[in-house]
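Single-structure report; data block below.
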Amino acid sequence: MKLIDSTPSGNAKTASKQMEFVTVTVAGQLLGLPISRVHDVFVVSEMTTVPLAPGEIAGLLNLRGRVVTAVSLRRRLGLGDSAEAGRRMAVGLENQGEAYGLLVDEVGEVLKLDPDEMQPNPVHMDRGWVGLSQGVHQLRDQLLIVLDVDAVLAFETEREAA
Amino acid sequence: MDDLLLEFLTETNEHLETVDVEMVRFEQDPNNEAILSNIFRLVHTIKGTCGFLGLPRLEALAHAAETLMGKFRDGMAVTTPAVSLILSTLDRIKEILGELERQGAEPEGSDGDLIALLDRMASQEPSAPEAALAPKTAQASPTPVYQVLERELKPGEVSLDELERAFQAAPGPEKDVTAGTLTYQVLERPLKPGEVSLDELERAFREAPGPARLVIEKPTEKASSEMPAVPAAAPTAPKKNGESSEAGEAGEGISGKVQTIRVNVDTLEHLMTMVSELVLTRNQLLEIARRSSEDHGYKVPLQRLSQVTAELQDGVMKTRMQPIGNAWQKLPRVVRDLSNELSKKIELVMQGADTELDRQVLEVIKDPLTHMVRNSADHGIESPAERKASGKHEKGTIRLNAYHEGGSITIEIADDGKGLNFAAIRKKAAERGIANDAELERMSDAQVAKFIFHPGFSTAAKVTSVSGRGVGMDVVKTNIELIGGTVDIRSEQGRGTTFTIKIPLTLAIVAALIVSSKDQRFAIPQIAVSELVRVSPASEHSIERINGTPILRLRDRLLPIVPLSKVMGLSGNEDANHGFVVVTQVAHQRFGILVDGVFHTEEIVVKPMSSKLRHIQLFSGNTILGDGAVVLIIDPNGLARMVGSESDRNEFQGDADPEQAVVAADELTSLLVFRGGSESLKAVPLSLVTRLEEIEASTIEWSSGRPVVQYRGRLMPLVSCDEELTIKREGMQSLLVFSDGDVSMGLAVAEIVDIVEDKLDIELLAERSDLVGSAVVRGRTTEIVNVAHYLPMVLETWSRKERKGGPERSLLLVDSSTFFRDMLVPVLKASGYRVQTASTAQEAVRLLSNGLHVDVVVTDLELSGHSGFALVASLRADPHHSVTPVIGLTVKPDPQQIALARKLHISEIVSKIDRRGLLSALAELNGTLEEAA
């Protein structure tokens, strides 16, 4: 397990205005999750796949005696599964009293960003992504998409119900 | 809302529920003072608290109700309208409380209507009570009886006569309330020290609230020990009144004096979750300990931890347990209201109300139970007139019974009403297109009864306000199945209907079978699993296919197979032939789940499915196993539904209903197949075998060269089933035990092979007396053993019995099955009958009309061509045989047969396979014949 480094990596002068994000990478894309929503970050060891489950759900995990539903961020973003079968990382989230683990390729660091600097989604961004993104931050060398956690976890399951 | 109010609401609601129940009890038993004072006290408490909290509406209502009840206490007649009025007042109070709970304040409105009614009812008192009390007062003033106390009066005691006189003179308490003139009485002698003057007695009487008579009827210990035969000493009446009501409460009241505290349900739920986690962690630790062979000194403490956890789990589970009576509390009221509404007389009997089950389960079954009781009251119980006409007691009974059975709880709801109208259900089922006529024809009544669980199914001629709208039973069934329970119906025309509900004790922890399919493990709740069968292509059990659909032949029945991997979409491999079949029974659906491996059973803690996965009906939850893996729990109901929907598509003949099997089994005989000394298979009808035993060969004793064994405190002779087989001198010896009364015989066999059900087609063998013949059983030639052959070999007692029977009696056995005749004849002969046989009714009639004299006729009632009943009817028509005792044999006695049999004076109906029953019926007949002779 990787502990989240909560000490600000940047300058803390404007701390009052800044928001902290846990950065993750999926298919080379940098994404940020509001730190207030992130419970923990953990390595996925054993996962139980759930037959007949919606594609976004990768399986069920045992996280310290709690059953956690693993959601693949790749599939949620409409990306194919990763080819390399290295160690899988997950970000622990909580939504409506239920525990979720968001499977990502890599977990980065904690960034402090000023919400005012966030740009709206580019108009030609993928439809599937627009719903999940709150906006874009321009970092020095790359772009960071701010994920809307509730939207990520609010996928339709009923279509499979029949 | 403040805590005080909250507390008040919970408490008052509980009180009200109690009052509801007590009120109904009181109506039936208006003289029970304990109930009344309990009600009175509860209402009084409510009134008091309302006043304290400043709830004027509630207070006024409670006060008015209390006043009326006060009148009851003073002896006013308890009438149905009065009780109804109080009950509706309670309903109003409940309404207001509900409102109070929602809004935190009493709702606006006036209760003038109810209060006026209550007041009017209460002020009717002068006229009503006197009429009601007239007989009582008459009883209360008998001519003085002089009683003698057989010892000297001790100081402080009152003589019997004095007391008697005091009683006579004392005006009844009820009169006393209205007009209280004191009668001065003079005692003709000075009072001894400690004695009580008459005036004082008088006053004590007047002061004693309520009908003191009742108190007197149950004198306290002190009084009775000091003054036997004397009604309780009056001076202490007021005090005792209080005592007796308290005693009454303790004895008959709702709650014993168990110390309790109120705990928030959430706290308990949380505790339960934590314990579940603890159990899981414990399981994980145990798993680790199992895997490592070295003991680092932690194994003993781990054991201890394991034990403590188990105890803790038990304890916490107990806190969740509630007596089922809590779910029944509303029922007396419901039944009372219904019986008024429907003008029926219904008694509700509740047994096992203290049977405990999980709170969660209780919540789920509460409504279904109420619904079923309503149904019983409305549809089941007939009107008093109808009941009288059919010779029943005017008052119908609905009986609720709950008890523990294994890991589940069984609840029965039985009424003694008219029973299900099978004809109407069949008709309705055909109308609604649930089944076609041909199918209905074949179905047994039990199967037909299950139609009432179909949505929208109602045979009620008219829709009443109570039920009959066709919603309900399906909901009941769904609700119960939701928690892994089952519902069964048993109904007898004219005798009533019984619903049997079986539900698991708890939902949180269940025993589950862990299976694997394609390297993934799943848990199947044990309750649904009836057996496990290993299948492989070469073995006896192999999976066959009809148009690609897998089927397993299991004991001659076709079991639809659902490969788990296929349902789960885990593999496209259609030809799964190896593995295990988990035979699953869900309600009336039976199917086999094909899995690759079966591990063990484990107590699992059921965790709810994530909301994202809840739509998958295949799973009911998930759990964490001892090794830490998350495993999905298969919902057999969901799987059954999936199988069901599949069956519509591809002719998946899934209905392997046990009932159907029974119907089909009419023609089948259960055979016990075994092997003797030679290779050939032997079989004997299972019905003849009393028990199967395996004994240590060393316990066999040889008395004068004959083997015997001590069996159940007696010596049982043994005989080898054929010459090739020698009885073992060491190791284990398998025995088939045949018994008749006290006498037993052991037939030594080499090996017990199987129990099969097959149609018997026996080829008779004349040359061998040890065999009835041979038959093809399951495709193999099998020798059918003639048990009667062995009996004389070992049992002098059996033959001795013959002589004991006195003069031989003649018996005519009519049965179309050669096999049965051959089986029964030796047995009957051994019991001392001269047996004549006939294979058809015609033959029997011919024999009898040719002047054959028989003492007894034993006939199969289901003779082919000519019904056994017709035979008996023609017998009865013949003056020679009009009184000849007849014993009827049948496969499955049903009420119609029994009724018909009674009409035709058939002495007894015995199940065809019940050989002992037949013999004892004959013995009974013998007795009566001898008496007659």
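Values in this text are rule-based calculations from the coordinates and carry no lab data. Quantities reported herein were computed from a predicted structural model and do not represent experimental measurements. So basically every Cβ, Gly included, is an ideal-geometry build from the backbone, and we count neighbours across all protein chains shown.
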Quiz prompt | Note, ³J(HN,Hα) from phi for the stretch A:90-96, Karplus 6.51, -1.76, 1.60, rounded to Hz, x at Gly and Pro | solution = 9, 9, x, 10, 10, 9, 6
Practice problem: Using just the alpha carbons, could you tell me how many Å³ per residue the convex hull of the stretch B:265-320 encloses? | Solution: 58 Å³
Quiz item: What's the average, rounded to a whole number, of partner chain beta-carbon atoms within 10 Å of each residue's beta-carbon in A:65-76?
Solution: 3
Quiz prompt | When each of B:345/B:427; B:395/B:428; B:450/B:903; B:392/B:428; B:366/B:450; B:682/B:912 is checked by Cα-Cα distance, pairs over 25 Å | solution = B:345/B:427; B:395/B:428; B:450/B:903; B:392/B:428
Quiz item: Taking H as built 1.01 Å from N, whose amide H comes closer than 5 Å to the amide H of residue B:398, not counting residues under 5 places away?
Solution: B:347, B:348, B:349
Quiz item: Measuring from centroid to centroid over Cα atoms, what is the spacing of the stretch A:71-128 and the stretch A:131-153 in Å?
Solution: 8 Å
Quiz item: Ordered by packing density, taken as the mean number of other Cβ atoms within 10 Å over each peptide's residues, highest first, how do A:144-151, B:446-453 rank?
Solution: B:446-453, A:144-151
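By per-residue mean of other Cβ atoms within 10 Å, what is the highest-first order of B:695-702, B:562-569? Each step should come with its number before you reach the end.
On the way: B:695-702: 14.0, B:562-569: 20.8.
Packing proxy ranking, top to bottom: B:562-569, B:695-702.
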Self-check item: Distant-in-sequence amide H partners of residue A:49 (H built 1.01 Å from N, under 5 Å)
Solution: A:60
Quiz item: Counting only other chains, what is the mean number of Cβ atoms within 10 angstrom of the Cβ of each residue in peptide B:617-629?
Solution: 3
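Averaging over every viewing direction, what projected area does the convex hull of the Cα atoms of the stretch B:298-344 cover, in nm²?
On the way: hull surface 16.2 nm².
Dividing the Cα hull surface by four gives the mean projection, 4.0 nm².
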Quiz item: What average count of beta carbons from other chains do you get within 10 Å of the Cβ of residues in A:42-55?
Solution: 5
Quiz prompt | In Hz, Karplus ³J(HN,Hα) per residue of the stretch B:358-372 (6.51, -1.76, 1.60; θ = phi - 60°; x = Gly, Pro) | solution = 4, 3, 4, 5, 4, 4, 5, 8, 3, 5, x, 4, 4, 4, 5
Quiz prompt | Per-residue ³J(HN,Hα) for the stretch A:55-67, Karplus 6.51 cos²θ - 1.76 cosθ + 1.60, θ = phi - 60°, Hz, x for Gly and Pro | solution = x, 5, 8, 7, x, 10, 10, 9, 10, 6, x, 10, 8
Exercise. Could you work out, for the stretch B:507-553, what percent of all Cα-Cα pairs fall into each 10 Å distance bin, beginning at 0 Å and stopping at the bin that holds the largest distance?
Key: 20, 37, 35, 8, 0
Quiz item: With a Cα-only, solvent-free Debye model of the stretch A:20-152, what are the log10 I(q)/I(0) values at q = 0.15, 0.20, 0.21 Å⁻¹?
Solution: -0.70, -1.24, -1.36
Quiz item: What dipole magnitude, in Debye to the nearest 20, does the stretch A:20-152 give about its Cα centre under +1 on Lys/Arg Cβ and -1 on Asp/Glu Cβ?
Solution: 340 debye
